[in-house]
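First up is the structure itself, then whatever we jot down about it.
The values are calculated or read from the model by the stated rules, or taken from the named source; none is laboratory data. If you're wondering where the values come from, they're calculated on a predicted model, not measured in any experiment. Positions of Cβ are generated from backbone atoms using ideal geometry, with glycine treated the same way; all protein chains shown enter the neighbour counts. With ligands, DNA and RNA removed, areas are computed over all heavy atoms of the protein, side chains included. Shrake-Rupley method; radii C 1.70, N 1.55, O 1.52, S 1.80 Å.
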Amino acid sequence: MKTITGWLVTLFLSLVLIYPVLAAPKYPDVEVPGTIRVIVAYNAGGSSDALARVTLPTWEKAIEDLTGKSTSAIVVNLPGAGGEVGWTSLSHAQADGSTIGIINLPAVPIVQAARDAGYEPWLEKFTALGVNVIDPNVIRLGSRSKYNTLAEAIDAAKQNPGSVTVGADGPLSDDHVAMYAIEKATGAKFTFIPYSGGSPANRSFMSGEVDIGIGNVFDHVKTKTSAKEAAVLLNDRYPLIEDVPTVKELLGIEIGEFGSTRGFAAPTGTPEPLVQVYREAFAATFNDEDFQSEAKKRNITIVKPRVGDEFTKLMEENERITQDLLQLFIDGGFIK
Amino acid sequence: MLEQIIEGALVAFELRHILLAFAGSVLGTLLGALPGVSATLGIALLVPLTFAMSPVAALIFLGAVYCGAIYGGSISGILLNVPGTPAAVATMLDGYQMAKQGKGGTALGIDIISSFVGGQISVIVLLFGAPIVAIFALEIRSAEFFWIVIFAMSTVGAIGSTSPLKGIIAATLGLAIGVIGSHPMTGALRFTFNQPALYEGVPVVTALVGLFSISQVLILAEGKGMESQMNVPSVGSLWPGRRLLWQLKNTILRSSLIGTIVGLIPGAGADIAAFIGRNEARRYSKTPELFGKGAPEGVAAAEAANNAVVGGSLIPMLTLGIPGNAVTAALLGGLLIHGLIPGPMLFQEAPDVLYPFIFSLFLANLFFAVTAFFGLKYVAKVVLVPQGIVAPVVAGLAIIGAYSFRNMGFDIWIMFGMGMLGYVLRKADYPLAPIILGIILGPLAEENLDRVMTLAKAANLSLMGYFLQRWLTITLMSLTIFTLVYSLIRGSRKPQSATVQLPAEED
């Protein structure tokens, strides 16, 4: 009896002694705010909101593993003005790590190009943390269109500028950007027909009101039966829609990757050690298998994660594309 | 589809959803019974309560409030000759007479049963009708959508409760407010005065809360505050007897169908349905001379009709995104907050939200009936709440609601502004519902017209040429012109003695 008790005590003591060594936090000296506000510039229930709510529980745990301090991240929905309200509030927030947020690309640079946005200049105001969600654009030809192939429709838009209609969420959306990118690459000139959201755009696409529809992955999944042809604006095929060729495969044009990107960023000025911790915590979260399966269950289009500088590069790339296409937006009358 | 319906029923019968339907139904009944709080105001005040709920739960709760409030209004109408909601005015005409003759219990019993049957019949129509309408609506293009919206606006003048001119003026005001915000086609900002809060236009929920609640608070504040110390007369047995009910069966069925159909038509609400139902009952009655003197048919016809509006009015709201009256506009606001955009796609994208919601309406109708049968004594007590207490509570809820929608302080000012506007208009006897319809429908009309113009240009056609391409568009255009001509004729005619003056607030 005595020996068993002795053994147990020894075991217990050794566990207590070993535990901190096993779980020793990497950054024990970094002070983490007790609550971290995560600003989402769209309503609760939207796709950005869903991303935040799926990511944050795992991210909190990752921070605790890294620093040994517990924190709770709360989502703050600040919708309005096409996202500008939320992003402005993020850019002006105390840069002490108590506030981060989701920035949406290409919406952030596009809104800045369109008007005096409160968060200007965005590349300097936001510090990249990490991103793992890019919802690629898909271009589809409607089954009721008089054109038989996308190539034929693009050809008609070259011969007779403005005669081919493209319906999409917009204006100034990622779909709108993708359309101009295709125009620029092919020399075609479409007529852009904006709808207030993906759902009405899909309806019009199915009803045959427009020739071409540009949307994201799930827009294509929902309207698959109404499309004669479709192509994804990526360099490689996208896993969820393996049967859809890339624009390069189908049309032979090289235009790069387009889609709707939702990434986490902090207001610039946030202390360097905290930025480091947050980035590593996002890297750990994005690679967590439970998180990945939960995200897939919720139809979140996750891609290979990009953390820190890699995300910064993506942000700069988005700004460059916006500047590149700016003249087309101005010609279309969408930006003054 | 059958699978989705069954699944929907199962979700609706989950315990928490049953409880929410119960809470909503009872709360709706109480709010409806409270003179000065209409179904619209009730929902507008309760929408913020649903922000934290799941979309299914929120819709179930708000739908139940709608059902309960339309019924609840009749209680104070029958007992005190004070309609709790405008929809109860028609019920009151015979109901109060019956109560004076000592048949108050019978009147209330008929009231409960007719409301229940009317409500259930309309929900059956909604359950099977809405998905069919949604399938047809998938074919609707921007041109047709534009004309449906214009048709909805034109009915405001043709069948609205006050004079056509005032209805149209109110609708125009709504359209003007609807212009604020970014242009739907180009994104250019209009009348926003550099206020980010206005970039996306005046939010519907905020406008609604302001228009209906603040104006109501101001009207309540005109009184001394303690005057509703009335005595609730005691009533006998609520059971009207099998024989009387059997006699009323045709009246109830007819009115239920009338109510459902009136609900479908944009511009008409529960108040108008109740009057049409009652008029038809009088036409078919063997004893029309008893109407207005305590005819049980009068109560049955009015109540079955106004509760049947619930199901009917949800069909255009859910399938087209076009609210026909102020209550469904309030519900629409509730839907939008949860990321659900009403329209033909909704039945494909969110059947898991819609079917449970529709089934929960059956429950909501059941719950107010059961509550009323067993607890009418207590429910009736709410009419005793002094207005001096109602007014500040409503004002407080309105401020919280306006702020919590987007967490923007500016929204509180928008709400107060709309409230002052609503008060002035109500004092001048203008209806408020067309303003809300204008705010919602104006941007829809503009957006679709803009698109049609761009599409016409791309197709190298004139605007008229584009409209005349499809028969559906032509039909809708003709319908709109007919309605406008009718309302002009109606406006130029002298008011007939048969039309009853309705309060400016609509349900």
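Looking at the stretch B:53-76, is at least one residue closer than 26 Å to B:S256 by Cβ and surrounded by fewer than 24 Cβ atoms within 10 Å (Cβ to Cβ)?
Checking the stretch B:53-76: not a single residue is closer than 26 Å to B:S256 by Cβ and surrounded by fewer than 24 Cβ atoms within 10 Å (Cβ to Cβ).
Given the conditions (1) surrounded by fewer than 16 Cβ atoms within 10 Å (Cβ to Cβ); (2) farther than 18 Å from B:S38 by Cα; (3) modelled with pLDDT under 90, and given that B:I389 satisfies all but one, which numbered condition is not satisfied?
Result: B:I389 passes all but (2).
Find the residue count for the stretch A:94-125, including only residues that are closer than 29 Å to A:P273 by Cβ and not in a helix (DSSP H, G or I).
Count: 16.
Hey, can you tell me all the residues within the stretch A:173-189 that are open to solvent by 10 Å² or more (accessible area, probe 1.4 Å), within 12 Å of chain B (Cβ to nearest Cβ) and under 26 Å from the mean Cα position of the chain (by Cα)?
Within the stretch A:173-189, A:S173 is the sole residue that qualifies.
Residue check: is A:V217 surrounded by 19 or more Cβ atoms within 10 Å (Cβ to Cβ) and within 9 Å of chain B (Cβ to nearest Cβ)?
No, not satisfied.
Can you find, within the stretch A:133-144, the residue that is farthest from the other protein chains (Cβ to nearest Cβ) among those that are open to solvent by 10 Å² or more (accessible area, probe 1.4 Å) and more than 17 Å from the chain's Cα centre (by Cα)?
Residue satisfying both the conditions and the ranking: A:S143.
Taking the stretch B:467-476 on its own, how many of its residues are crowded, with 20+ Cβ neighbours inside 10 Å and within 14 Å of chain A (Cβ to nearest Cβ)?
Total satisfying the criteria: 1.
Check A:G162, A:G170 and return the single one that is under 24 Å from A:A81 (Cα atoms) and facing another protein chain (nearest Cβ under 10 Å).
A:G170
Can you report the number of residues in the stretch B:189-219 which are within 19 Å of the chain's Cα centre (by Cα) and either without any contact (Cβ under 8 Å) to a residue 12 or more places away in the chain or within 14 Å of chain A (Cβ to nearest Cβ) (or both)?
The qualifying residues number 4.
For residues that are assigned to a helix (DSSP H, G or I) and within 14 Å of chain B (Cβ to nearest Cβ), scanning just the stretch A:147-158, find the one that is nearest to A:D219 (Cα to Cα).
Restricting to residues being assigned to a helix (DSSP H, G or I) and within 14 Å of chain B (Cβ to nearest Cβ), the top hit is A:A153.
Can you pull out every residue in the stretch A:190-247 that is of a type in the set (G, A, S) and under 23 Å from the mean Cα position of the chain (by Cα)?
The answer is A:S196, A:G197, A:G198, A:S199, A:A201, A:G213, A:G215, A:A230, A:A231.
Residues being in a helix (DSSP H, G or I) and over 24 Å from the mean Cα position of the chain (by Cα): count how many of those fall in the stretch B:262-296.
7
Just one of A:K222, A:K228 is within 14 Å of chain B (Cβ to nearest Cβ) and basic (K, R); which is it?
Criteria check complete, one pass: A:K222.
Only one of (1) closer than 22 Å to B:A456 by Cα; (2) touching an Asp or Glu at 6+ places or on another chain (Cβ under 8 Å); (3) buried (at least 21 other Cβ atoms within 10 Å of the Cβ); (4) at pLDDT 95 or above fails for A:I154. Which number is that?
Here A:I154 meets the rest and fails (2).
Given the conditions (1) in contact with a Gly (Cβ under 6 Å, 6 or more places away or on another chain); (2) surrounded by fewer than 23 Cβ atoms within 10 Å (Cβ to Cβ), and given that A:A201 satisfies all but one, which numbered condition is not satisfied?
(2)
Show the residue pairs meeting these rules: Cβ distance below 7 Å; 6+ apart or different chains; first residue within the stretch A:69-89 and more than 10 Å from chain B (Cβ to nearest Cβ) and over 20 Å from B:H183 (Cα atoms); second residue of a type in the set (S, T, Y) and open to solvent by 20 Å² or more (accessible area, probe 1.4 Å).
A:T71/A:T35; A:S72/A:T35; A:I74/A:T35
Between residues in the stretch A:117-132 that are within 14 Å of another protein chain (Cβ to nearest Cβ) and free of Cβ contacts under 8 Å to residues at least 40 places away in the same chain and residues that are outside any strand (DSSP E or B) and among the aliphatic types (A, V, I, L, M), which pairs lie under 8 Å by C-beta distance while being six or more apart or on different chains?
A:A117/A:V111; A:Y119/A:L90; A:Y119/A:V108
Inspect all residues belonging to the stretch B:416-429 and state whether any of them is within 14 Å of chain A (Cβ to nearest Cβ) and either modelled with pLDDT of 90 or more or assigned to a loop (DSSP other than H, G, I, E, B) (or both).
Among the residues of the stretch B:416-429, not one is within 14 Å of chain A (Cβ to nearest Cβ) and either modelled with pLDDT of 90 or more or assigned to a loop (DSSP other than H, G, I, E, B) (or both), which makes the answer no.
Across the stretch B:135-150, what is the total count of residues that are farther than 15 Å from B:G343 by Cα and crowded, with 23+ Cβ neighbours inside 10 Å?
Residues that pass the stated criteria total 2.
So which residues in the stretch A:316-336 are more than 13 Å from chain B (Cβ to nearest Cβ) and surrounded by 18 or more Cβ atoms within 10 Å (Cβ to Cβ)?
Hits for the stretch A:316-336 are A:N318, A:E319, A:I321, A:T322, A:L325, A:L328.
Count, please, the residues in the stretch B:110-137 that happen to be among the small types (G, A, S) and either modelled with pLDDT of 95 or more or touching a Cys at 6+ places or on another chain (Cβ under 8 Å) (or both). So that I can check it myself, show each step before the final result.
If we filter the stretch B:110-137 for residues that are among the small types (G, A, S), which is where we start, we get B:114-115, B:118-119, B:122, B:129-130, B:134, B:137.
With either modelled with pLDDT of 95 or more or touching a Cys at 6+ places or on another chain (Cβ under 8 Å) (or both) added as a condition, the list becomes B:114-115, B:118-119, B:122.
Total satisfying the criteria: 5.
Hey, B:L253 hits all of (1) at pLDDT 85 or above; (2) hydrophobic (A, V, I, L, M, F, W, C); (3) crowded, with 19+ Cβ neighbours inside 10 Å but one; which does it fall short on?
(3)
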